[in-house]
Amino acid sequence: MDWQGWFSLALCIVALATLILTRIKPHLVMMAALTILSVCGILTSEEVLSGFSNQGLITVAAMFIVAAGMYSSGAVDLLVNHILGRPDNVRSALSRMFGPVVLLSGFLNNTPVVATMIPAIHTWSRKIGIAPSKLMIPLSYFAILGGTLTLIGTSTNLIVNSLYQTLTGEAGFSLFSISTVSLPVVIVGLLFIWIFFPKWLPNRDQNKAFANLREFTLEVSVAHSGPLVNKTVQEAGLRHLHRIYLVEIERDGTVITAVSSEEKLHGGDRLVFAGDTDAISDLLRINGIVPSTESGYAQTLMTQRAERRLVEAVVSPHCTTIGHAIRDARFRDRYGAVVLAVARNGERVKGNLGSIKLQAGDTLLLEARPAFVSRQRYNKDFLLISDLDTEAPRHERAYLAWIILFGVVSAAGLELISMLNAALMGAGLMIITGCCTANQAERSLDLNVLITIGASFALGIALQKTGVAGYLAESIIDLSDGKPWLLLVLTYLTVSLLTEMITNNAAAILMLPIILEITEKAGLNNVPFVLAIMMAASASFATPIGYQTNLMVYGPGGYRFTDFLRVGLPMNAITGITTLTVLLIGWPLVLSE
């Protein structure tokens, strides 16, 4: 290899190390790699930007909008409400769940499917008396398995197919090409979950973290004719207390929520604080603050009021406040909501509430203005679990959304039109028919994912263009001693390990050029190897960070990291063994002369 090859290899290693060892987001890492390749002249401008004009990327974006139409029209709720019912035990509940989740994930990107199902399953679990911890990991795993059923089930499948077409010039795979491999894997995986997970998953009730409001709220009053009357919250010294902060003011029968620093205090105001309740003595030392003359605030907080809503929300991986303390993130001003408590790993985080640094998967108990719920239903910062006064979904366009989805799948599956055109037409019809608004469609586009995919293409193309893929291919061939079956096993294991450490899209895109070089040099059939990449990139069960849907259920299920290891490692093993067995039996590895 020349210097461009060694430079590209070093850049790839640095990018992988950055993704594994730091919290820098994947789209930033990949954009940095793209910039370096362009500035150094290793890739032309057309090659650098080819990923963003790739038809697979546009298809992924269009399918995000189709999924938004299914969600906004109530089509998903329609399916859930008709099928879930009232099971008697965990296994019966799992049996009722996997049908709708696998079906939806097979034809919609599984991330919005899980985002939609989390609140529904959480509410359903309370109705049937089963802990959410028994159902949330299965929800994620069902979605992962369902996403492998078709080429449009995950963005990874679409992107691998598009890059395969770009690098080989071949026609690529049809909508159901992967189904022959994935269907046995799905069946085995579902049976494995049904048999073992009811015993292996913890019985951890998510509601316990926030069971007693008195544990983290306290109430005092402003003394009549005291020194704080007519002073603002800021002037009274109530804004930057260390262990607690002001949530709301009750005045003359009305409630002022998400209190502004400029709000003036009146005599007799009831002030409600959240945080460390041991700080009550410090609070009462403030001149003009007296003990509240009324008790039972825990009950009044749960009373439905037009001015407030209590909401449990999970911090999503896209939340802009991740890594920031609640106070520093200006949470109140940004969202019009106040954090009452934070739960992490199924347990409430105690101490100074304002100094807690938020992490993806944290569950927050919020007191919010009514507008918060409607806003966050279409934003990506939070996944709403439960909400007082939740409005019933509107289903008037639900059947229409199902017809559009069926049309997209049928047109692409029968190859009447290309997958790209089917997805674009489906997205357009969802907006035109009112299944989702243009604003909802815009918000459904996961820009972080799209940028990561588009930028990753540049690194993949560089590996092939500079000869790195060929160099690595020869090394792997030597390592496998030329045995085709061992090459297939090594391919699956490598992609599977990378997927647990970095994003599945990046792992697949980086490995595909190398695998294509291996199969060409060794005279092997590349189809089973490409299918192995698709399956390995999706079959990520062992950690909450390996696949986005795992992280999404982390908080709602009240899980710990070890919970995923306990059930995920066996799940990785069983899906890997099944996939490799099907590929070795069903496809010839060596090309016939």
> Could you work out the helix-only [θ] at 222 nm for the chain, with each DSSP H run of four or more residues adding -39,500 (n - 2.57) and the total divided by the number of residues, to the nearest 500 deg cm²/dmol?
Replying inline: -17500 deg cm²/dmol
> For the range 28-126, treating each Cα as an identical point scatterer without solvent, what Debye log10 I(q)/I(0) comes out at q = 0.16 1/Å?
Replying inline: -0.75
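For the range 1-74, go through all pairs of different Cα atoms, get the mean of 1/r, take its inverse, and jot down that Kirkwood value in Å.
14.7 Å
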> What per residue convex hull volume, in Å³, comes out for the chain when only alpha-carbon positions are used?
Replying inline: 157 Å³
>> Loop-only trypsin sites (Lys or Arg not before Pro) in the range 321-360, please: DSSP not H, G, I, E or B, and at most 14 other Cβ atoms within 10 Å.
In response: ARG330
> On average, how much area does the Cα convex hull of the range 413-478 cover when viewed from any direction, in nm²?
Replying inline: 7.5 nm²
>> Taking 0.36 nm per residue of sequence separation and subtracting the Cα-Cα distance, how much length would be gained by fully extending the chain between ILE417 and ARG330, in nm to one decimal?
In response: 26.4 nm
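Can you give the relative contact order of the chain as a percent, counting alpha carbon pairs under 8 Å and 6+ residues apart?
22 percent
Can you pull the Rg over Rh of the range 428-531, Cα-only, Kirkwood? Please report the intermediate quantities before stating the final value.
Values: Rg = 18.3 Å, Rh = 15.7 Å.
A ratio of 1.16.
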> Do any of LYS231/LYS350; LYS127/LYS199; LYS357/LYS380; LYS134/LYS380; LYS25/LYS199; LYS350/LYS380 go past 29 Å between their Cα atoms, and which?
Replying inline: LYS231/LYS350; LYS25/LYS199
> Quick one: if you stick a label point 7 Å off each Cα along the C-beta vector at LEU445 and ALA171, how many nm between them?
Replying inline: 3.2 nm
> What FRET efficiency do you get for ILE585 and ASN89 if R0 is 35 Å and r is their Cβ-Cβ distance, rounded to the nearest 0.05?
Replying inline: 0.45
> Going toward the positive end of the dipole of the chain, with +1 on Lys and Arg Cβ and -1 on Asp and Glu Cβ, which of TYR559, GLY226, THR452 do you reach last?
Replying inline: GLY226
> If we sort 219-225, 168-174 on the protection proxy, mean other Cβ atoms within 10 Å, highest first, what's the order?
Replying inline: 219-225, 168-174
> Taking the highest mean first, how do the peptides 53-66, 556-569, 36-49 order by number of other beta carbon atoms within 10 angstrom per residue?
Replying inline: 53-66, 556-569, 36-49
> Rg and Dmax of the range 90-170 over Cα atoms: what are they, in angstrom?
Replying inline: 15.4, 54
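Quick note: the coordinates plus some simple rules give every number you see, no bench work behind them. Since this is a predicted model, take the numbers as computed values, not measurements. Glycine also receives a Cβ, built like all others from the backbone with ideal geometry; neighbour counts cover every protein chain displayed.
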